Amino acid sequence: MYQISIIIPTYNERENIPILLEEIFSIIRTLHDIDLEIIIVDDNSPDETGKKAEELVGKYPLKVIHRSGKKGLGSAVMEGFALSKRPIIGVMDADLSHDPSILPEMINSLREYDIVIGSRFSEQSYVEKWRIDRKITSIIGVWLAKHLTCVSDPLSGYFLLKREVINDFSLISPGYKILLEILVKGKYSKIKEIPFRFRTREHSVSKLSFVEYYYFIKQLMVFYKMKLLKKYESAR
């Protein structure tokens, strides 16, 4: 049986959470041998997302972590990973942009692969109503990060992985692109990317800020330094 924890960081997602959970579990209920729990990590949302999530605990296999302030997406994911005791862990956004319909394929792919990524940049992927500024920012960010990895969307926020991928190191990324750190540092041999429909958010706004972009640039600099150091040491 697959035992899976999916971490969903939230900040002002009160309207989206009930919709997302119903979408996820309406799909999971049709599958066999899947034991899925959702861990919501809420950063003290002013719209009381955490309270709304607590109301749904009896309806779904759900845990809710309430944090005292807006501490960032990366640290929220790490806190969720720490709470989970399951062998498969993953991440989804709360804003309905990540289509749960590919979850069965993602889960089944873990029979053969160590990391499975929902990709926005595969040939069959489709992004709804992507604002030109967000599209340009994402393309530039992915282009910079791709030189560190072997995947088309190393900045995806939608992925599943086997826990042993991250057993040998501590995640430190405070920003929103925690997958990049996993791809750079993790212990894995096979990755699969699955195209999906990146949906337009309906009831919330982007959580990305200047601080998150700053963390990303800082993260890139650290990882490029690591790559150059490894290249230098191997050449000695």
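How many residues are in contact with a Leu (Cβ under 7 Å, 6 or more places away or on another chain) and not in a loop (DSSP other than H, G, I, E, B) if we restrict to the stretch 139-151?
Result for the stretch 139-151: 4.
Just the residues that are surrounded by 14 or more Cβ atoms within 10 Å (Cβ to Cβ) and either in contact with a Leu (Cβ under 7 Å, 6 or more places away or on another chain) or in contact (Cβ under 8 Å) with a residue 60 or more places away in the chain (or both), please, taken from the stretch 20-36.
Just the residues of the stretch 20-36 that are surrounded by 14 or more Cβ atoms within 10 Å (Cβ to Cβ), to begin with: 20-25, 27-28, 34, 36.
Matches in the stretch 20-36: Leu20, Leu21, Glu23, Ile24, Ile27, Ile28, Ile34.
Might you let me know whether the stretch 114-122 holds any residue that is surrounded by 21 or more Cβ atoms within 10 Å (Cβ to Cβ), in contact (Cβ under 8 Å) with a residue 24 or more places away in the chain and among the charged types (D, E, K, R)? Break it down into steps so the answer makes sense when it comes.
Step one: list which residues in the stretch 114-122 are surrounded by 21 or more Cβ atoms within 10 Å (Cβ to Cβ), which gives 115-120.
Right, trim to in contact (Cβ under 8 Å) with a residue 24 or more places away in the chain and you get 115-120.
Subset that is among the charged types (D, E, K, R): 120.
Looking through the stretch 114-122, at least one residue is surrounded by 21 or more Cβ atoms within 10 Å (Cβ to Cβ), in contact (Cβ under 8 Å) with a residue 24 or more places away in the chain and among the charged types (D, E, K, R).
Pick out the one residue from Gly118, Gly141, Gly72, Gly50 that is at pLDDT 95 or above and under 18 Å from the mean Cα position of the chain (by Cα).
Going through Gly118, Gly141, Gly72, Gly50 in turn, just one is at pLDDT 95 or above and under 18 Å from the mean Cα position of the chain (by Cα): Gly118.
Which ones in the stretch 2-19 are at negative phi, surrounded by fewer than 21 Cβ atoms within 10 Å (Cβ to Cβ) and part of a loop (DSSP other than H, G, I, E, B)? Spell out how you get there, then give the answer.
To start, the set of residues in the stretch 2-19 that are at negative phi comprises 2-11, 13-19.
Add one more test, that the residue is surrounded by fewer than 21 Cβ atoms within 10 Å (Cβ to Cβ), and what stays is 2-3, 14-15, 18-19.
Across the stretch 2-19, the qualifying residues are Arg14, Glu15.
List the pairs whose first member sits in the stretch 145-171 and is over 19 Å from Ala76 (Cβ atoms), whose second member is crowded, with 21+ Cβ neighbours inside 10 Å and hydroxyl-bearing (Ser, Thr, Tyr), and whose Cβ atoms are under 6 Å apart, counting only residues at least 6 apart or on separate chains?
Ser152/Ser119; Asp153/Ser119
From the residues in the stretch 65-102 that are surrounded by 19 or more Cβ atoms within 10 Å (Cβ to Cβ) and among the polar types (S, T, N, Q), which one is farthest from Ile172 (Cα to Cα)?
For the stretch 65-102, the residue satisfying everything is Ser97.
Quick one: count up the residues across the stretch 57-76 that are assigned to a loop (DSSP other than H, G, I, E, B) and of a type outside the set (Phe, Trp, Tyr).
Selection size over the stretch 57-76: 10.
The values are calculated or read from the model by the stated rules, or taken from the named source; none is laboratory data. Keep in mind that what you see is a predicted model, and the values were worked out from it rather than measured. Here Cβ is always computed from backbone atoms with ideal geometry, including for glycine, and neighbour counts include all displayed protein chains.
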